[in-house]
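Heads up: the structure comes next, in structure tokens.
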4 protein chains.
Amino acid sequence: MTGEISKIGVLGAQGKVGAEMCKAVDAADEFTLVAALDAGDDISALVDSGAQAVVDFTHPDVVMANLAFCIENGIHAVVGTTGFDEARLDQLRRQLEASPGTGVLIAPNFSIGAILMMRFSAIAAPFYDSVEVIELHHPDKADAPSGTARRTAELIAAARREAGSAPMPDATSTSLDGARGADVDGVRVHGLRIRGMVAHQEVILGGPGETLTIRHDSMDRASFAPGVLTGLRNIADHPGLTVGLENFLDLD
Amino acid sequence: MTGEISKIGVLGAQGKVGAEMCKAVDAADEFTLVAALDAGDDISALVDSGAQAVVDFTHPDVVMANLAFCIENGIHAVVGTTGFDEARLDQLRRQLEASPGTGVLIAPNFSIGAILMMRFSAIAAPFYDSVEVIELHHPDKADAPSGTARRTAELIAAARREAGSAPMPDATSTSLDGARGADVDGVRVHGLRIRGMVAHQEVILGGPGETLTIRHDSMDRASFAPGVLTGLRNIADHPGLTVGLENFLDLD
Amino acid sequence: MTGEISKIGVLGAQGKVGAEMCKAVDAADEFTLVAALDAGDDISALVDSGAQAVVDFTHPDVVMANLAFCIENGIHAVVGTTGFDEARLDQLRRQLEASPGTGVLIAPNFSIGAILMMRFSAIAAPFYDSVEVIELHHPDKADAPSGTARRTAELIAAARREAGSAPMPDATSTSLDGARGADVDGVRVHGLRIRGMVAHQEVILGGPGETLTIRHDSMDRASFAPGVLTGLRNIADHPGLTVGLENFLDLD
Amino acid sequence: MTGEISKIGVLGAQGKVGAEMCKAVDAADEFTLVAALDAGDDISALVDSGAQAVVDFTHPDVVMANLAFCIENGIHAVVGTTGFDEARLDQLRRQLEASPGTGVLIAPNFSIGAILMMRFSAIAAPFYDSVEVIELHHPDKADAPSGTARRTAELIAAARREAGSAPMPDATSTSLDGARGADVDGVRVHGLRIRGMVAHQEVILGGPGETLTIRHDSMDRASFAPGVLTGLRNIADHPGLTVGLENFLDLD
């Protein structure tokens, strides 16, 4: 390991996730929380406090300015804020060229379980005739299916295309509208909205005489903490831009 | 128990289900299989063999003639053949009036697990904010959702109507077509078609902070046997027409 | 409904469960929270505030004094505090004789899902050859199996005894210690301790070719609220002592 | 691919698994079943029929003689028969040295789902605080836990040892005998015996706020077929001895 990082700042420290991340950094033996900033605070406090890396769970409107400041000051960043498109990623790459040695991790999902579920589903998909996805969430959610379910289905479809898998068998000839779920790249995705649920997903794969089921249950925002800490532990060894926490995990 | 039934005939004895029922009757201590008939056999063999009750898994085209013969000869009948509408049931009721003491049980489902799943779902439904149904079958099935899933959803909807339950919460505003399943009387039903599966169903109920899940897995036609044997054990005590095996089960 | 209850007091209002109950009473249209008391507060505030019923989630050391005061003053009580034995229940019955019209509900479990799971398991148990119980909890729990799992197993065993069910089949002849779980009245119970879990239980019943699974997932103390509100809505119609919330639920 | 294999023989063709394998070979476009032999048949029929590879599901008593014949005649072998120890494997390695270009695959498990379950469990295990294994089988099984469950637990324990994972948290201080399952290398394993089940296993992993579950359901011996066909498709490219089907699967 080349880097020796211990002093951490959190941006968005008063948000729901940010507050959890402050607690997680504080509780980790190897890290010290040296700055906990939110909207209205002066970001230069990061430099004054000697922060070597930040965790950013803020807002698409402010994250690019936050990162520009961090990169200029050689502060690594582990970022869970959403809203990154190719244009934004390219801009970060250019900024990072001027600050060699600084690392930025952008991750759409810090839940290690969700990453493993997607990875295992893609590996297993070509070995089976049928693959479908069920996602279950609380009924206050606005979109169906969930972003994670869509992404999982896309990864499954890509893995099967690459392997030359046959289309999935389905003899349905009489059907009520919607009974077979949504079609995402040829993979059926089913979304349930149930009071009491938080965020859950199940991928079911089947072949002659057997099925394999991979299920992820996320009950609490605390589930992001191990992923963020893994990001902090590895960021100094990955200068430049990294997209996706899976690049820091040993999954083989 | 008023009846003392031991000699059993099976109609449709060479069909897949019928053959299983012959085995099950043969294996039951209290019963003797005295006649195993199929298309082409002379039904009067039932009388010659002394059959006191028959099990009928035949075809809608022949079942009414089979039952007319049985009722005339005072032979009880436990019937899993499909295709009964109100007209047929009325005709059976009239025929049974002329043969007091003879019982006929018509059951759309002899799986005790499926009956319990439907019953428990209907009892529990009014206690929860949300209820949805998932059914999973092999991909050679022609209809979606399954008949059992539809029936379950109808029973859940009826129980909630009777209890004055509020509509289920669902904030979905952006959705891919089919993502939220089919709507059966206001209950969402999701159908999966997976190679390796046989016939499975899950009812998920949720309220603040908790969920209840009732799942039935049917792996084999052998699962009809306990229900048919329960029918045979009780038929002599239920003269006239009975629709639904649940009437013979002690479910309170 | 004979009673017209609207003014509610909560005892133990600063405890984890009590605080949730205050919120739940406050949020319910038909109820007004008129007193929220904890250790150190003067219980006569209940009378001054006009409370018609109380919710008690306190401590075995103080609950009997709390209830004596309520009964004397004709205030109904819905009680989730633990530690009631036959002697305590008898004492309450005697006190209630002197205050006809006052109702006290003592319930070891206010989770409707847990009650339904136990009830359904007991109803279904005699129809199956095999029944086992799995409970899954966070790893900070001190006892294994959980009290609910033990109680469930006892109810299953009792239902099978009453129905004359055969012993469960089990050909195990070579086994590692503990592999087949704990034996509670002849029912095997398996306890898992998994970080990230809260309180979960699964009852699996199986017969030839099919299985039935009843699962309860409790994620949050909020799950007690619907049961407590059900208790408050019905307590005025049930003078005297009632043990078990199931007596207020329509489960047939 | 270096090899062009199409003519296949099956040894143990009248056994339950062997008969399934004959069907599977017959149904595969690229293969022709040229010999289906069982005890009493002359194994030299393999040579006469031009078999290029055999599938062996026979018995520990005869499998070494079968393989000696195959190796001498340059016939590849895909072997599901049990009973191989290091001495037997060494003997095969020596025999294969004298027949370069011939491949023998010995696999304790041809179910691709079981292999994936074990592999994914081992990859995921170091990312979680807690990991436990549940296996569910029919009640006629003699050993508990199952061989696959033991092997899975051993692989999980090895992966955690290598990663330097902490011991799993468990605050249990009061316990009924067996409630926490069997201890296999520090991993708790729970075995259920339920009528109607075939062969099922679930690995549950948990960390703060989330759990990951990997479940394999095997309903039918047909589930071995895809693994055996994968073995046949790859055996000619893997001369010498290979132990474990996972070596022929692309799992990264």
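The values are calculated or read from the model by the stated rules, or taken from the named source; none is laboratory data. Nothing here was measured: the structure is a model prediction, and the numbers come from that model. Neighbour counts are summed over all protein chains in view; Cβ atoms, including those assigned to glycine, are modelled from backbone coordinates with ideal geometry. Accessible surface areas use protein heavy atoms only, side chains included; no ligands, DNA or RNA. Shrake-Rupley method; radii C 1.70, N 1.55, O 1.52, S 1.80 Å.
The same position B:D237 in the other copies lies at 3.2, 6.6, 7.2 nm from this copy, comparing label points 7 Å beyond Cα toward the beta-carbon, shortest first.
Can you grab the distance from the C-alpha centre of the stretch A:113-158 to the C-alpha centre of the stretch B:1-68, Å, no decimals? So the separation of the two Cα centres works out to 49 Å.
When the accessible areas of C alone and D alone are added and the area of the pair subtracted, with a 1.4 Å probe, the result is around 3300 Å², both sides summed. Looking at the square roots a ≥ b ≥ c of the eigenvalues of the Cα gyration tensor of the stretch C:1-121, which shape do they give, rounded for a/c under 1.5, prolate if a/b is larger than b/c, or oblate? It comes out rounded by the Cα gyration axes. Per residue, the stretch A:94-242 exposes 33 Å² of accessible surface when a 1.4 Å probe is rolled over the protein heavy atoms with every protein chain present. Per residue, the convex hull spanned by the alpha carbons of chain C comes to 154 Å³.
Farthest toward the positive end of the dipole of the stretch D:99-252, out of D:G164, D:I115, D:F127, is the Cα of D:I115, where the dipole comes from beta carbon charges about the Cα centre. Would you look at the GNM of chain D, springs on alpha carbons closer than 10 Å, and say which of D:R221, D:R94, D:R160 moves the most? Highest fluctuation of the listed residues: D:R94. Sorted shortest first, the distances from the B:A142 label point to those of the same residue in the other copies are 4.4, 4.7, 6.3 nm; each point sits 7 Å from Cα along Cα-to-Cβ.
Computed from Cα atoms, the angle from the helix B:16-27 axis to the main principal axis of chain B rounds to 60 degrees. Value of Rg to Rh for the stretch B:112-219, rounded to two decimals, is 0.96; Kirkwood radius and Rg both from alpha-carbon coordinates.
Counting charges near C:H138 (Lys, Arg +1; Asp, Glu -1) among other residues having Cβ under 12 Å from its Cβ returns a value of -2. The portion of the accessible surface of the stretch A:112-219 made up by carbon and sulfur, rounded to a whole percent, is 47 (1.4 Å probe; DNA, RNA and ligands excluded).
Counted by Cβ distance under 14 Å from B:R193, the other residues give a net charge of -3, where Lys and Arg count +1 and Asp and Glu count -1. Between 0 and 90 degrees, the angle of helix D:86-97 with respect to the longest Cα principal axis of chain D falls at about 40 degrees. Percent of Cα-Cα pairs more than 12 Å apart in the stretch B:211-252, please. Counting every Cα pair in the stretch B:211-252, those more than 12 Å apart make up 69 percent. Relative to the longest principal axis of the Cα atoms of chain B, helix B:225-234 runs at roughly 60 degrees. Taking the label point 7 Å along Cα→Cβ, B:G164 and its counterparts in the other copies are spaced 4.5, 6.4, 6.6 nm apart, in ascending order.
For B:K7, the aspartates and glutamates whose Cα falls under 20 Å of its own Cα, not counting residues fewer than eight places away in the same chain, are B:E20, B:D26, B:D29, B:E30, B:D38, B:D41, B:D42, B:D48, B:D56, B:E72, B:D237. Peptide A:130-139 shows a mean partner chain C-beta count of 4 within 10 Å per residue C-beta.
Structure note, pairs A:K23/C:K141; A:K16/A:K141; D:K16/D:K141: Cα-Cα distances above 19 angstrom occur for A:K23/C:K141. How would the protein assembly as shown be classified by its alpha-carbon gyration tensor: rounded, prolate or oblate, with rounded meaning a/c under 1.5 and the a/b versus b/c comparison settling the rest? Verdict is oblate for the protein assembly as shown.
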